[in-house]
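Note sheet for the following structure.
The values are calculated or read from the model by the stated rules, or taken from the named source; none is laboratory data. Please read these numbers as outputs of a predicted model, since none were measured by experiment. Positions of Cβ are backbone-derived with ideal geometry, glycine not excepted, and every protein chain shown enters the neighbour counts. We work out accessible area using only protein heavy atoms, side chains counted, and drop any ligands, DNA or RNA first. Shrake-Rupley method; radii C 1.70, N 1.55, O 1.52, S 1.80 Å.
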Amino acid sequence: MVGFRFGYQIGMCDAHELRSKARAPEAAGFDVIHTSDHVGEGWSPLVPLMAIASVTERVRLCPLVVTNDFHHPVHLARAIAALDHSPEGRIELDIGAGHSFTDATAVGAPFDPA
């Protein structure tokens, strides 16, 4: 069984700042670094994980709840598998229904009731 872990969520920023911000949580002992999947924040939650992987060695990397309706399962699986080769198996995947009506509306996706 995996014990309690500490995660750190990095918001969207430019690549230089992203790499700088990624070093600090690993040095502080965090177990996982998360990105988010919100349309208004810019790029996909997977893209920054490559930059984070390039400057970290131990910390796990995970998009914090990829919104199911925004990603085709086949494309998502391929992207996660490809991404996982670089950081030697440190990628994790959280997937969920999403919670933001405004994100769904922005991309023309349905926002199904609970």
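Given only helices, namely DSSP H runs of n ≥ 4 each adding -39500 (n - 2.57), what is the per-residue ellipticity at 222 nm of the chain, to the nearest 500 deg cm²/dmol? My calculation for the chain gives -11000 deg cm²/dmol from helical runs alone.
Database remark: amide H of residue 66 closer than 5 angstrom to the amide H of 94, 95, 96 (H placed geometrically; neighbours at sequence offset of 5 or more, or on other chains; Pro and chain starts carry no H). A simple spin-label model places pseudo-atoms 7 Å from Cα toward Cβ; at residue 16 and residue 112 they are separated by 4.4 nm. For the chain, the carbon plus sulfur part of the accessible surface works out to 59%, probe radius 1.4 Å.
Near the amide H of residue 8, within less than 5 Å, lie the amide hydrogens of 32, 33, 34, all on another chain or at least 5 residues away, with H placed in the peptide plane.
Here the calculated FRET efficiency for residue 101 and residue 58, from their Cβ-Cβ distance with R0 = 35 Å, stands at 0.40, rounded to the nearest 0.05.
The fraction of all Cα pairs in region 2-114 landing in successive 10 Å bins from 0 to the largest distance is 14, 45, 32, 9, 0, given as whole percents. Listed peptides 26-35, 103-112, 47-56 appear in the order 47-56, 26-35, 103-112 once ranked by packing, highest mean of other Cβ atoms within 10 Å at the front. Amide hydrogen proximity for residue 91: with H placed 1.01 Å from N in the peptide plane, the residues at 5 or more positions away or on another chain lying under 5 Å are 61. In this Cβ point-charge picture (+1 for Lys and Arg, -1 for Asp and Glu), the chain has a dipole of about 300 debye about its Cα centre.
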